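Participant: This is the structure I want to talk about, given as structure tokens.
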Amino acid sequence: MKKGLSVKLRQILGIGPTNEAFFEELEDLLVEADLGGAVAMEVADTLRREARKERLDGERPLREALRDILLQYVVTADLSPDPNRMNVYLVLGVNGVGKTTTIAKLARHFEVDCGVSGVVLAAGDTFRAAAVEQLDVHAHRLGVRIVRQAQGADPGAVIYDALQSAANRGERIVLADTAGRMHNRANLVAELQKIDRIVAGRAGDCSYRRLLVIDATTGQNGLRQAETFHEAVGVDAAVLTKYDSTAKGGIVIPICKSLAIPFAYIADGESYSDIRRFDAHAYVNDLLGL
Ligand SMILES: Nc1nc2c(ncn2[C@@H]2O[C@H](COP(=O)(O)OP(=O)(O)OP(=O)(O)O)[C@@H](O)[C@H]2O)c(=O)[nH]1
Ligand SMILES: [Mg+2]
């Protein structure tokens, strides 16, 4: 899906780089697309410098120069499971960003697209009413095992059980759900650190990844969320969700730049197959309407 930035960009590209108004408009557009003020200014300045130096003019060369500048900010990571050992994914994020849905999508992706079977879901959101049932519905639809306890159970204990039983059965992938509440930051951080200690302690020679879910529709708030989770447990990579539901989506860039968190997946729909590995070129081309 092409983003709103692409249409407006086409309009201002007509102004041309010899006119200072072009760079001001560009900066505004980048802010509107969720890149944040600091990055927007930096990008516009870099493009101004390059346009003058290389005497760039015309829509295509400018757009391509802009693409190359943005590409330098985007960091990606390959979090595909290693078929020769256990792979543990702790899925983090605030309320409603798409954690549980992403777990279901990844379960299918790992089995079908990566060909690694033996997936277990751990119902680590023991806080929200019906969260366990929601994950259970996905597990049944996908035909994968789930480890669950009652609402209110200790999430660390649920995830520990999942790891233990997966190891005993030789299963390869544990996808652990977590609660997204953020009513109290100190509380959330302490709880996550406790879960993380338990998982890290049990993970042994497993591949253990902390995966942060960022909702593309939440805008600049995504950067603050990333800061909080990164500070709490250290995020290995992020997933951008609901990319289909926004004309923006530029939040990836400030997160990569200021926190050096790479993006591993992008989700753009409500079907299980609506997830793919994060491709920097595809993302930037789409953002710019190339
Ligand atoms: N359009 C669209 N909707 C999505 C996507 N990912 C998730 N959703 C929807 O977003 C809503 C919330 O998704 P959940 O997976 O329940 O989010 P969560 O982070 O687990 O929420 P909590 O458990 O309440 O913290 C659901 O209605 C999902 O269908 C996506 O990529 N695109
Ligand atoms: Mg959930």
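The values are calculated or read from the model by the stated rules, or taken from the named source; none is laboratory data. In this text the structure is predicted, and so the values were computed from the model without any measurement. Ideal geometry is used to build each Cβ from the backbone, glycine not excepted, and the neighbour counts take in all protein chains shown.
Participant: Please go through region 223-264 and give me each residue that is within 13 Å of ligand 1 (Cβ to nearest atom), within 24 Å of Glu27 (Cβ to Cβ) and out of contact with any Gly (no Cβ under 8 Å at 6 or more places or on another chain), ordered by number. Give the steps one after another, and end with the answer.
Facilitator: First pass over region 223-264, keeping only residues within 13 Å of ligand 1 (Cβ to nearest atom): 225, 229, 239-246, 249.
Those left that are additionally within 24 Å of Glu27 (Cβ to Cβ): 240, 243, 246, 249.
Those that are within 13 Å of ligand 1 (Cβ to nearest atom), within 24 Å of Glu27 (Cβ to Cβ) and out of contact with any Gly (no Cβ under 8 Å at 6 or more places or on another chain): Thr246, Gly249.
Participant: Which members of region 192-207 meet the condition of being over 21 Å from Ile255 (Cβ atoms), in contact (Cβ under 8 Å) with a residue 60 or more places away in the chain and away from ligand 2 (no atom under 16 Å from the Cβ)?
Facilitator: Correct list: Val199, Ala203, Asp205, Cys206, Ser207.
Participant: Against the condition at pLDDT 95 or above and away from ligand 1 (no atom under 16 Å from the Cβ), how does Val91 come out, does it pass?
Facilitator: The answer is no for Val91.
Participant: Sticking with this structure for a sec: Quick one: in region 232-273, of everything that is among the aromatic types (Phe, Trp, Tyr) and more than 16 Å from ligand 2 (Cβ to nearest atom), which residue is surrounded by the most Cβ atoms within 10 Å (Cβ to Cβ)? First the steps, then the outcome.
Facilitator: Kept after step one, since they are among the aromatic types (Phe, Trp, Tyr), are these residues of region 232-273: 243, 263, 265, 272.
Those left that are additionally more than 16 Å from ligand 2 (Cβ to nearest atom): 243, 263, 265.
Details: Tyr243: 21, Phe263: 25, Tyr265: 22.
This residue is Phe263.
Participant: Continuing with the same structure: Counting only residues that are of a type in the set (Asp, Glu) and under 21 Å from Leu290 (Cβ atoms), which one in region 32-59 is surrounded by the most Cβ atoms within 10 Å (Cβ to Cβ)?
Facilitator: To start, the set of residues in region 32-59 that are of a type in the set (Asp, Glu) comprises 32, 34, 42, 45, 50, 54, 57, 59.
Those still in the list that are under 21 Å from Leu290 (Cβ atoms) too: 32, 34, 42, 50, 54, 57, 59.
Working: Glu32: 16, Asp34: 27, Glu42: 17, Glu50: 18, Glu54: 10, Asp57: 12, Glu59: 12.
By that ranking, first place goes to Asp34.
Participant: Which of the residues spanning region 96-149 are within 14 Å of ligand 2 (Cβ to nearest atom), at positive phi and not aliphatic (A, V, I, L, M)?
Facilitator: Gly96, Gly98
Participant: Still on this structure, I have one more. Does Ala190 satisfy the criteria of being over 23 Å from Asp136 (Cβ atoms), of a type in the set (A, V, I, L, M, F, W, C) and in the same structural domain as Phe229 (by TED's automatic domain parsing)? Quick ask: steps written out before the conclusion?
Facilitator: Working: over 23 Å from Asp136 (Cβ atoms): yes; of a type in the set (A, V, I, L, M, F, W, C): yes; in the same structural domain as Phe229 (by TED's automatic domain parsing): yes.
For Ala190, the condition - over 23 Å from Asp136 (Cβ atoms), of a type in the set (A, V, I, L, M, F, W, C) and in the same structural domain as Phe229 (by TED's automatic domain parsing) - is met.
A quick yes/no check of all residues on (1) touching a residue at least 24 places away in the same chain (Cβ under 8 Å); (2) closer than 26 Å to Arg277 by Cα:
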{"position": "Gly36", "(1), (2)": "yes, yes"}
{"position": "Leu47", "(1), (2)": "yes, no"}
{"position": "Ala51", "(1), (2)": "yes, no"}
{"position": "Leu56", "(1), (2)": "yes, no"}
{"position": "Ala65", "(1), (2)": "no, yes"}
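Participant: Being over 26 Å from the mean Cα position of the chain (by Cα), aliphatic (A, V, I, L, M), surrounded by 14 or more Cβ atoms within 10 Å (Cβ to Cβ) and modelled with pLDDT of 85 or more: is that true of Leu29 here?
Facilitator: It is false that Leu29 is over 26 Å from the mean Cα position of the chain (by Cα), aliphatic (A, V, I, L, M), surrounded by 14 or more Cβ atoms within 10 Å (Cβ to Cβ) and modelled with pLDDT of 85 or more.
Participant: Just to be sure I understand the filter: pairs with C-beta atoms under 8 Å, separated by 6 or more residues or on different chains, first member in region 80-104 and farther than 18 Å from Ser273 by Cα, second member within 6 Å of ligand 1 (Cβ to nearest atom) and assigned to a loop (DSSP other than H, G, I, E, B). Which pairs pass?
Facilitator: Gly93/Gly180; Val94/Gly180; Asn95/Gly180; Gly96/Gly180
Participant: Here's another thing I want to ask about it. Filter region 231-241 down to residues that are in contact (Cβ under 8 Å) with a residue 60 or more places away in the chain and more than 10 Å from the chain's Cα centre (by Cα) and give me whichever is farthest from Leu212 (Cα to Cα). Even if it seems obvious, please write down each step before you answer.
Facilitator: The initial filter retains those residues of region 231-241 that are in contact (Cβ under 8 Å) with a residue 60 or more places away in the chain, namely 233, 235-237, 239, 241.
Now restrict to residues that are more than 10 Å from the chain's Cα centre (by Cα): 233, 235-236.
Values: Val233: 10, Val235: 6, Asp236: 8 Å.
Top of the filtered list is Val233.
Participant: Return the residues of region 149-198 that are surrounded by 14 or more Cβ atoms within 10 Å (Cβ to Cβ), hydrophobic (A, V, I, L, M, F, W, C), in a helix (DSSP H, G or I) and over 21 Å from the mean Cα position of the chain (by Cα); say none if nothing qualifies.
Facilitator: Ala157, Val158, Ile159, Ala162, Leu163, Ala166, Ala167, Ile198
Participant: May I ask you to say which residue of Leu106, Leu121 is aliphatic (A, V, I, L, M), crowded, with 24+ Cβ neighbours inside 10 Å and under 13 Å from the mean Cα position of the chain (by Cα)?
Facilitator: On the way: Leu121 fails: under 13 Å from the mean Cα position of the chain (by Cα).
Unique residue meeting the criteria: Leu106.
Participant: Please count how many residues of region 207-259 are in a loop (DSSP other than H, G, I, E, B) and of a type in the set (Ser, Thr, Tyr).
Facilitator: Total meeting the criteria: 1.
Participant: Tell me the residue from Leu211, Leu287, Leu259 that is in contact (Cβ under 8 Å) with a residue 40 or more places away in the chain and in the same structural domain as His109 (by TED's automatic domain parsing), please. Before the answer, list the steps.
Facilitator: Numbers: Leu287 fails: in the same structural domain as His109 (by TED's automatic domain parsing); Leu259 fails: in contact (Cβ under 8 Å) with a residue 40 or more places away in the chain.
It is Leu211.
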